[in-house]
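Rule-based calculations on the coordinates, nothing more; no lab input. Here the structure is a predicted model, which is why all the values come from computation and not from measurement. Note that we place each Cβ from the backbone using ideal geometry, even for glycine, and neighbour counts take in every protein chain shown.
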Amino acid sequence: MTGNISVTASNSFGTSPAITLTVTVITIPATPSTISGASSFVPTVSYVYNTASVSGATSYTWTVPTGWTITAGQGTTNLTVTSGVVGQNGNITVTTSNSCGTSAPRTFAVNVNDIPPTSPIIVYGNNNPCHNATGQSYYITSIPYATSYTWTVPTGWSITHGQGTVNITVTAGNNGQNGNIKVRANNAFGSSAYYSYPVTVNSCVCPCLMH
């Protein structure tokens, strides 16, 4: 709000011309409405975050999670950061300020992911099923940062249930249709290498002993 303050001097002979001073009332700026930018991403990569200008604000103060680095834009509406390593999650915050004070913070949750690793993958299941055996189960334990799993089976085998999960059910192939059951872990940033689990079809005499 802007207005004028006027003052005059007077005595028994009259009044002086008015002297006018224009004044503006300043208040603490409002909290920024939003923070825009990625919320999930790979480690140690540069990203940009921004917030809309706030009326009356003269500066913007940003903070980032432990392990992250602000590389440009501190004090402005546009911030450039380098993300931390996997697990260094937290909040990006921004406050506005002027000569009267600082607003409440606006927060934006962020987390650092990575392509899932291959090394923890171990496949469990029967590596020597009877030919055409149904209901064969193969499984792995959950892999860090994975959101889905891709399985492949040897030619002549078929996946009947569980593609995309840690546990699949398959029907084995015929005699001689040996090979590898393979699995990889996936997320939004990519996929691990395939882990291979060798399997051999057992040409047992039916009725087979099902494992």
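For this structure, a couple of remarks:
- Full extension of the chain segment joining Y124 with S46 gains 24.1 nm, where the gain is 0.36 nm per residue of separation less the Cα-Cα distance.
- Centre separation in Å (Cα based) which lies between the range 81-140 and the range 2-22: 68 Å
- Relative contact order, whole percent, for the range 3-160 stands at 19, derived from Cα pairs under 8 Å and 6 or more residues apart.
- Overall Cα dimensions of the range 40-112 - principal axes, largest extent first, Å: 39, 19, 16
- Alpha-carbon geometry of the range 136-211: the Rg and the Dmax are 13.7, 47 Å, given in that order.
- Debye intensity ratio I(q)/I(0), log10, the range 1-75, q values 0.27 Å⁻¹ (C-alpha model): -1.31
- The packing ranking of peptides 78-84, 34-40, highest mean first, is 78-84, 34-40, where packing means the average number of other beta carbon atoms within 10 angstrom of each residue.
- Neighbour cut-off at most 15 other Cβ (10 Å), DSSP loop, chymotrypsin sites (Phe, Trp or Tyr not before Pro), the range 22-102: none
- Average 1/r across all pairs of distinct alpha carbons in the range 85-209, invert it, and you get the Kirkwood radius: 17.3 Å.
- Volume of the Cα convex hull of the chain, divided per residue and given in Å³: 130 Å³
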